[in-house]
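Colleague: Take a look at this one; I'll ask things after.
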Amino acid sequence: MKLASLLAAGAAALLLAMTGPAVAEGHKGGVLTIATVGEPPTLDQMLTPTDLVGTISQHIFETLYTFDAEWQPKPLLAAAMPSISEDGLTYKIPLRQGVAFHDGSAMTSADVVASLQRWLKINSKGKQVAQVVDSIAADGDNAVTIKLKSRYSPLVATLSQASIIMPATKIADTLSEFVGTGPYKLKERKPDQYIQLVRFEGYKSPDGEPSNYAGKRETLADELRFVPVPDANTRVEGLLAGQYDFADSLPFSAYDRIAASDKAAPVVMPSSGWVSLNMNMKEGLLTNKDLRNAVQVALNPTDMMMAAFADEKFYKVDGAYYPEGFFWHTEAGVARYGEGDPAAAAELMKKAGYDGTPIRLLTSRQYEFHYKMAEVAKAYLEAAGFKVDLQVTDWATLTTRRADPKQWDIFITHSNFPGDPTTLNTISDSYPGWYTSEAKTKAVATYLAAVTPDEKKKAWETIQTTLYDDAPLFKAGNFNALSGLAKGVNGYVPHYWPTFWNVEARQ
């Protein structure tokens, strides 16, 4: 069994022990109040890849495909996996019939075509795919055909992320209405107070046993209420007081208190993701490769991860882009990843002609581990001779500011481990940081043309080597994630982006 499956199974077992087994037909009714890390900048997944937006909007919108427990694509709004032409350039995707939008209209191929065209135009991963798409066309009312200019092996995996389907009549560059096919529909949004979603009575679930994001989706709770609670300790206190049914992204220091509570229990998601310091390669100080390499050499991942997660059982210092046990794990190319070497960093800074311009390091306290890592990173960069301007904002401001290359040099973020490595955010030319290089283009092209798993693995080793050489980011390590669940809430199974279909509210 793959490591991803083992981790999912272990997490599920943890929750079964806490909440009891999920029932085939759950009890309906009630409200689930979910404390999130803050106010999302939008509910449009196409506009931003942030976890907060994805967590909320995945209940409103759906994609053609989604990921199962092994992070392999499975049909969601599609009726089956696509049929692919012998030359690998034509994908025919059958659509599920009888699927309705929240406005009552039936989903057709015209809606899918219009949605995918918007995705190609405005989404960071969609823009990457757009370079190889020749055409997207309806094939009758219940199928869509995508023709490619060249082979693109991660197409289906990429269609499983952010390529949300909406009515063609509602489509605009900036959405004024949020109408999807998901199990819940938007009823009311009061900024900085709550986002209220209610059961969509016309929802048509996919078939199959639940498996990560794939399979049956049952709307058990009448309502989901997402409440922005930017302070992590406030989320903890609200959970322990019985105010919230679920509290996301909690500090590990709260684990023992939650475990001892009679109102809630801790939920640990193993190997939830990895943390990185992403560098601006488009404008500013770090367009200089030697300075980016100096940042790599200067940082101490052990101290950053310890500061962020407090206990080694909650993290692992690891420079490889995928953890051990994943098919994609390799140590190929891992370089300038150690315990922080200020002297070596100073030499690279001297070579680059560093003039004392401050590095603008952007972070947020809404993810407390981001902020703690930023403090340690600042200390190590200053020890090497950099000047550092640490800028702390709310998460919505950070995601807005990082879209402007004039406003930052490094921002801290975290990501999951996607099913296909070329769907890593940094691989996209348009993801903030704007990483482009001839070496990356060549390495990715080799991967996209690969056919066998061994060929793909070898090509990925070259990509990872290139990432370390070009230094678009510094990977600090892998982490688990802690959230909290109120006792009496049944059926919840931890996922990277928490889901609340198939979950019973407290009675």
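The values are calculated or read from the model by the stated rules, or taken from the named source; none is laboratory data. Given the structure is predicted, the values throughout are model-derived calculations rather than measurements. Neighbour counts are summed over all protein chains in view; Cβ atoms, including those assigned to glycine, are modelled from backbone coordinates with ideal geometry.
Colleague: Tell me the residue from 82, 73 that is of a type outside the set (Phe, Trp, Tyr) and within 22 Å of the chain's Cα centre (by Cα), please.
Modeller: Details: 82 fails: within 22 Å of the chain's Cα centre (by Cα).
Every option except 73 fails the conditions.
Colleague: Restricting attention to the range 126-137, does a residue exist that is closer than 28 Å to residue 199 by Cβ, touching a residue at least 24 places away in the same chain (Cβ under 8 Å) and part of a strand (DSSP E or B)?
Modeller: no
Colleague: Just wondering, is there one or more residues in the range 453-472 that are surrounded by 23 or more Cβ atoms within 10 Å (Cβ to Cβ), within 28 Å of residue 36 (Cα to Cα) and at pLDDT 95 or above?
Modeller: no
Colleague: Considering 485, 448, 467, which residue is in contact with a helix residue (DSSP H, G or I) (Cβ under 8 Å, 6 or more places away or on another chain), aliphatic (A, V, I, L, M), under 30 Å from residue 397 (Cα atoms) and assigned to a helix (DSSP H, G or I)?
Modeller: Values: 485 fails: assigned to a helix (DSSP H, G or I); 448 fails: under 30 Å from residue 397 (Cα atoms).
Testing whether each residue is in contact with a helix residue (DSSP H, G or I) (Cβ under 8 Å, 6 or more places away or on another chain), aliphatic (A, V, I, L, M), under 30 Å from residue 397 (Cα atoms) and assigned to a helix (DSSP H, G or I) leaves just 467.
Colleague: For residues that are in a strand (DSSP E or B) and either touching a Ser or Thr at 6+ places or on another chain (Cβ under 6 Å) or basic (Lys, Arg) (or both), tally how many sit in the range 166-217.
Modeller: Count: 6.
Colleague: Yes or no: the range 262-274 includes at least one residue that is over 23 Å from the mean Cα position of the chain (by Cα) and closer than 22 Å to residue 496 by Cα.
Modeller: So far as the range 262-274 goes, yes, one or more of its residues are over 23 Å from the mean Cα position of the chain (by Cα) and closer than 22 Å to residue 496 by Cα.
Colleague: Suppose we filter 300, 280 for residues that are surrounded by fewer than 24 Cβ atoms within 10 Å (Cβ to Cβ), modelled with pLDDT of 95 or more, over 19 Å from the mean Cα position of the chain (by Cα) and not basic (Lys, Arg); which single one remains?
Modeller: Only one candidate passes the filter, namely 300.
Colleague: If I ask for residues that are of a type outside the set (S, T, N, Q) and part of a strand (DSSP E or B), which ones from the range 488-505 would you list?
Modeller: Scanning the range 488-505 gives a single hit, 504.
Colleague: Which residues, counting only those in the range 49-61, are surrounded by fewer than 22 Cβ atoms within 10 Å (Cβ to Cβ) and part of a loop (DSSP other than H, G, I, E, B)?
Modeller: Once the filter is applied, which keeps residues that are surrounded by fewer than 22 Cβ atoms within 10 Å (Cβ to Cβ) and part of a loop (DSSP other than H, G, I, E, B), the range 49-61 yields 49, 50.
Colleague: Taking the range 400-412 as the search range and keeping residues that are surrounded by 24 or more Cβ atoms within 10 Å (Cβ to Cβ) and β-branched (Val, Ile, Thr), which one is nearest to residue 285 (Cα to Cα)?
Modeller: For the range 400-412, the residue satisfying everything is 410.
Colleague: Which of the following residues is surrounded by 18 or more Cβ atoms within 10 Å (Cβ to Cβ), touching a strand residue (DSSP E or B) at 6+ places or on another chain (Cβ under 6 Å), of a type in the set (Val, Ile, Thr) and within 26 Å of residue 427 (Cα to Cα): 84, 93?
Modeller: 93
Colleague: Please give the number of the condition residue 491 fails out of (1) in contact with a Ser or Thr (Cβ under 8 Å, 6 or more places away or on another chain); (2) in the same structural domain as residue 308 (by TED's automatic domain parsing).
Modeller: For residue 491, the failing item is (2).
Colleague: Among 235, 257, 292, which is the only one that is of a type in the set (Lys, Arg) and either closer than 20 Å to residue 52 by Cα or touching a Ser or Thr at 6+ places or on another chain (Cβ under 7 Å) (or both)?
Modeller: Going through 235, 257, 292 in turn, the sole match is 235.
Colleague: Hey, another quick one. Quick test of your reading of the structure: residue 497 fulfils all but one of (1) crowded, with 21+ Cβ neighbours inside 10 Å; (2) within 23 Å of the chain's Cα centre (by Cα); (3) of a type in the set (A, V, I, L, M, F, W, C). Name the failing condition by number.
Modeller: Result: residue 497 passes all but (1).
Colleague: Looking at residue 330 and the list (1) surrounded by fewer than 22 Cβ atoms within 10 Å (Cβ to Cβ); (2) closer than 21 Å to residue 436 by Cβ; (3) of a type in the set (S, T, N, Q), which single condition is not satisfied?
Modeller: (2)
Colleague: Using the structure shown, decide if residue 434 is out of contact with any Lys or Arg (no Cβ under 7 Å at 6 or more places or on another chain) and surrounded by 15 or more Cβ atoms within 10 Å (Cβ to Cβ).
Modeller: Details: out of contact with any Lys or Arg (no Cβ under 7 Å at 6 or more places or on another chain): no; surrounded by 15 or more Cβ atoms within 10 Å (Cβ to Cβ): yes.
Against the criterion (out of contact with any Lys or Arg (no Cβ under 7 Å at 6 or more places or on another chain) and surrounded by 15 or more Cβ atoms within 10 Å (Cβ to Cβ)), residue 434 does not qualify.
Colleague: Condition first: over 21 Å from residue 292 (Cα atoms), surrounded by fewer than 23 Cβ atoms within 10 Å (Cβ to Cβ) and not basic (Lys, Arg). Now tell me which residues in the range 358-395 satisfy that.
Modeller: 368, 392, 393, 394
Colleague: Oh, and also: In this structure, is residue 224 crowded, with 20+ Cβ neighbours inside 10 Å and either more than 25 Å from the chain's Cα centre (by Cα) or closer than 28 Å to residue 30 by Cα (or both)?
Modeller: yes
Colleague: State whether one or more residues within the range 153-163 are assigned to a loop (DSSP other than H, G, I, E, B) and either hydrophobic (A, V, I, L, M, F, W, C) or free of Cβ contacts under 8 Å to residues at least 12 places away in the same chain (or both).
Modeller: yes
Colleague: Please go through the range 82-111 and give me each residue that is of a type outside the set (Phe, Trp, Tyr), over 21 Å from residue 448 (Cα atoms) and touching a helix residue (DSSP H, G or I) at 6+ places or on another chain (Cβ under 9 Å), ordered by number.
Modeller: 95, 103, 105, 108, 110, 111
Colleague: Here is a follow-up. Identify all residues within the range 48-91 that are of a type in the set (D, E, K, R) and either assigned by TED's automatic domain parsing to the domain that holds residue 430 or farther than 22 Å from residue 249 by Cβ (or both); write none if there are none.
Modeller: Within the range 48-91, 62, 68, 70, 74, 86, 87 meet the criteria.
Colleague: Among (1) more than 24 Å from the chain's Cα centre (by Cα); (2) surrounded by fewer than 19 Cβ atoms within 10 Å (Cβ to Cβ); (3) over 26 Å from residue 446 (Cβ atoms), there is one condition residue 144 misses while meeting the rest; what is its number?
Modeller: Only one criterion is unmet by residue 144, namely (2).
Colleague: Kindly check whether there is at least one residue in the range 312-325 that is in contact with a Phe, Trp or Tyr (Cβ under 9 Å, 6 or more places away or on another chain), farther than 30 Å from residue 447 by Cβ, crowded, with 17+ Cβ neighbours inside 10 Å and modelled with pLDDT under 95.
Modeller: Yes, the range 312-325 contains a residue that is in contact with a Phe, Trp or Tyr (Cβ under 9 Å, 6 or more places away or on another chain), farther than 30 Å from residue 447 by Cβ, crowded, with 17+ Cβ neighbours inside 10 Å and modelled with pLDDT under 95.
Colleague: With among the β-branched types (Val, Ile, Thr) and either over 17 Å from residue 275 (Cβ atoms) or in contact with a Cys (Cβ under 6 Å, 6 or more places away or on another chain) (or both) as the only criterion, which of 426, 466 stands out?
Modeller: 466
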